[in-house]
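> Have a look at the structure that comes next, please.
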Amino acid sequence: MLNEKVAQLLNDQINKEFYSAYLYLSFANFYVDLGLNGFANWYQVQAQEERDHAMLMMKYLQNNSCSVTLEAIEKPDIVMSEKSDPLTAGLEHEMYVTGLIHKIYEAAYEARDFRTMQFLDWFVKEQGEEETNAGDLIKKMELFGTDAKGLYMLDSELGARVYTAPSLVL
Ligand SMILES: [Fe+2]
Ligand SMILES: [Fe+2]
């Protein structure tokens, strides 16, 4: 069995990861409405990754004999009007999630729960990559998204993103 606080925080994080998937689907839908199907594809793939994060946490808890409680997923409440709104909200959201992961790590550290620390190492690294990706999107949009041709090219690039399963296997 895991430390109770650590297990509770991991259980809460499952919900946050599903919320992230939900949020990114709302971004994808915003771009579908704008006709930017490449941007939409990028966020659909991102949503799949977030679901994977939740599934990994669920599996980890179950592998450690903890039962999982699924709670209601909050409604995505980001108001979007400009093309770049999801991009900035996405970076902000990833920074928030990084903070949550760090909090769980901190609890595991305090409980001398080395197994969970080792499990979370992957997520700490993953959050670094997520922030970089989110920041890169903002930069690309600033550089190329301001004229129609550039936006078309950027949309095509983002349309090429394909889903790959997470490198962490439990
Ligand atoms: Fe995630
Ligand atoms: Fe994420």
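> Multiplying the sequence separation of Phe144 and Val124 by 0.36 nm and subtracting their Cα-Cα distance, what value in nm do you get?
Between Phe144 and Val124, full extension yields 4.2 nm more.
> In addition: Determine the calculated [θ] at 222 nm for the chain from helices alone, applying -39500 (n - 2.57) to every DSSP H run no shorter than 4 residues and normalising by the residue count; nearest 500 deg cm²/dmol.
Computed ellipticity for the chain at 222 nm equals -26500 deg cm²/dmol.
> Round to a whole angstrom and tell me the spacing of the C-alpha centers of the range 104-170 and the range 1-48.
If we compute the Cα centre of each part, the gap is 12 Å.
> At most 15 other Cβ atoms within 10 Å and a DSSP loop assignment: could you name the chymotrypsin sites (Phe, Trp or Tyr not before Pro) in the range 2-42 that fit?
Here no loop site has a sparse enough neighbourhood.
> Which GluC sites (Glu not before Pro) does the range 48-87 hold that lie in a coil by DSSP with at most 11 other beta carbons within 10 Å?
Glu71, Glu82
> Next question, about the same structure. Please give the helix 85-110 orientation as an angle from the longest Cα principal axis of the chain, in degrees from 0 to 90, rounded to the nearest 10.
10 degrees
> Also, quick follow-up: Which of these, Asp136, Asp147, Asp155, has the largest mean-square fluctuation under a Gaussian network model of the chain (Cα springs below 10 Å)?
It is Asp147.
> For the chain, report the convex hull volume of the alpha-carbon atoms normalised per residue, in Å³, without decimals.
99 Å³
> When only DSSP loop residues count, what chymotrypsin sites (Phe, Trp or Tyr not before Pro) in the range 80-170 have their Cβ near at most 14 other Cβ atoms within 10 Å?
In loop regions of the range 80-170 (DSSP not H, G, I, E or B), the sparsely surrounded chymotrypsin sites (Phe, Trp or Tyr not before Pro) are Tyr163.
> While we're on this one: Quick one: net charge of Leu2's neighbours, Cβ under 14 Å, K/R +1, D/E -1?
Net of charged neighbours comes to 0.
> Using a cut-off of 9 Å between beta-carbons, work out the net charge of the residues near Tyr24 (Lys and Arg +1, Asp and Glu -1, Tyr24 not included).
Summing Lys/Arg as +1 and Asp/Glu as -1 gives -2.
Read-outs throughout are calculated quantities, based only on the coordinates presented, and are distinct from any laboratory measurement. Here the structure is a predicted model, which is why all the values come from computation and not from measurement. Neighbour counts run over all protein chains shown; Cβ positions are idealised from the backbone, glycine included.
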